[in-house]
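Below: one structure, written as structure tokens.
The values are calculated or read from the model by the stated rules, or taken from the named source; none is laboratory data. Treat the numbers as computed from the prediction; the structure is a model and nothing was measured. Here Cβ is always computed from backbone atoms with ideal geometry, including for glycine, and neighbour counts include all displayed protein chains. These area figures cover heavy atoms from the full protein model, side chains too; ligands, DNA and RNA do not enter into them. Shrake-Rupley method; radii C 1.70, N 1.55, O 1.52, S 1.80 Å.
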Amino acid sequence: MDLQPRQVLQTVEPQPVIEGAGVKLKRSIATSRLNYVDPFLLFDHFGSDNPDDYLAGFPMHPHRGIETVTYMLAGAVQHRDSIGNSGIIEAGDVQWMTAGGGIMHEEMPQPRQGQMGGFQLWVNLPAKFKMTRPRYQEIPLAQIPEIKREDGVAIRVIAGTVDDVRGPVTEIVADPTYLDVSIPANASFVHSIEKGHAAIAYVFEGQGTFGITPEGGGETVPHPKLVVFEDGDYIEVRTAGQAVRFLLISGKPLYEPIARYGPFVMNTRAEIEQALRDLQNGTFVKQG
Ligand code: MN
């Protein structure tokens, strides 16, 4: 049977939002245009040459029912939390945090040589894992394999498998792929994605044509923009005169009801109310 190319379902212009204690960022998922792409609940691109846009940071705040994935391109984020973790996420590092039943944490961006930028993705947890113990996977740049192909395509494999190279983030319920893909001018990239999984790309440098089909289909997407793919077996991206760099993210949809309120994402309104009561009563935080 022929393999089916995934075409572009929609492209989304990131919306400017102010989050935390006054951080300016670009949001592509969790907006009026795109609420979520099951199992992905939020996607933020942050970064600025002006420290006033981010130094106020994200002081102590709770999360429940989700995982947050932070990937830094430049600068750093200093973090600490209610289960005794603290550290600094530097450029190229990834933090995959499973908030589970309850965590309080602080995330404070800092410049390095005047630069700061990165991404945060929220991945939903299924009902049976929403109250799981909080857990961290902190992966420094040095532990993230980078594939460099002869045609100049470079792929950092954070989660998932490319050319038999497996990324270091494992044991995540959504069975995610998370790749940072750079394609030079006049080149192409093909990647298999399991049928039925959701797939998105976030274009953050240059431009490329996404959703190439054997019949000549495809949509040219300049940065910054989010691409949501239709179902299928693989995606193909091609460049012409310009290089492109994007994140390619996929995961298994949950098909569960979503009740969201700020940093909590549960299945029902009653569970959101319980989270708020737990915060008031001082019983919110769960041990890791
Ligand atoms: Mn947070």
If you take the beta carbon distance between Ile258 and Met131 as r and set R0 to 25 Å, what does 1/(1 + (r/R0)^6) give as a FRET efficiency, to the nearest 0.05? 0.95
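List, in the order given, every pair from Lys148/Lys225; Lys225/Lys286; Lys252/Lys286; Lys148/Lys286; Lys26/Lys130; Lys26/Lys128 whose Cα-Cα distance in the structure shown is over 30 Å. Numbers along the way, then the final one.
Values: Lys148/Lys225 25 Å; Lys225/Lys286 36 Å; Lys252/Lys286 26 Å; Lys148/Lys286 42 Å; Lys26/Lys130 27 Å; Lys26/Lys128 32 Å.
Beyond 30 Å between Cα atoms: Lys225/Lys286; Lys148/Lys286; Lys26/Lys128.
Roughly speaking, to the nearest percent, how much of the chain's 1.4 Å accessible area is carbon and sulfur?
47 percent
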Express the accessible area of the range 152-202 per residue in Å², computed with a 1.4 Å probe while the remaining protein chains stay in the model. 37 Å²
So, with +1 on the Cβ of K and R and -1 on the Cβ of D and E, and no other charges, what is the size of the charge dipole of the range 58-174 about its Cα centre, to the nearest 20 debye? 420 debye
At 7 Å along Cα-to-Cβ for each site, give me the label-to-label distance between Arg80 and Thr268 in nm. 3.8 nm
For the range 86-218, what are the per-bin percents of Cα-Cα distances with bins 10 Å wide, up to the bin holding the maximum? 9, 34, 36, 16, 4, 0
As I understand it, the value is the acute angle between the Cα axis of helix 269-281 and the longest principal axis of the Cα atoms of the chain; what does it come to in degrees, rounded to 10? 50 degrees
Report the dimensions of the range 8-281 along its three principal axes from the alpha-carbon atoms, largest first, rounded to Å. 59, 43, 35
Taking the Cα atoms of the range 1-155 alone, what are Rg (to one decimal) and Dmax (as a whole number) in Å? 16.8, 55
A correct Karplus calculation of ³J(HN,Hα) over the range 234-243, with 6.51 cos²θ - 1.76 cosθ + 1.60, θ = phi - 60°, whole Hz and x for Gly and Pro, returns 7, 10, 10, 10, 10, 10, 10, x, 10, 6
Whole-Hz ³J(HN,Hα) for each residue in the range 210-224, computed from phi via Karplus 6.51 cos²θ - 1.76 cosθ + 1.60 with θ = phi - 60°, x for glycine and proline: what do you get? 9, x, 4, 10, x, 7, x, x, x, 10, 7, 10, x, 7, x
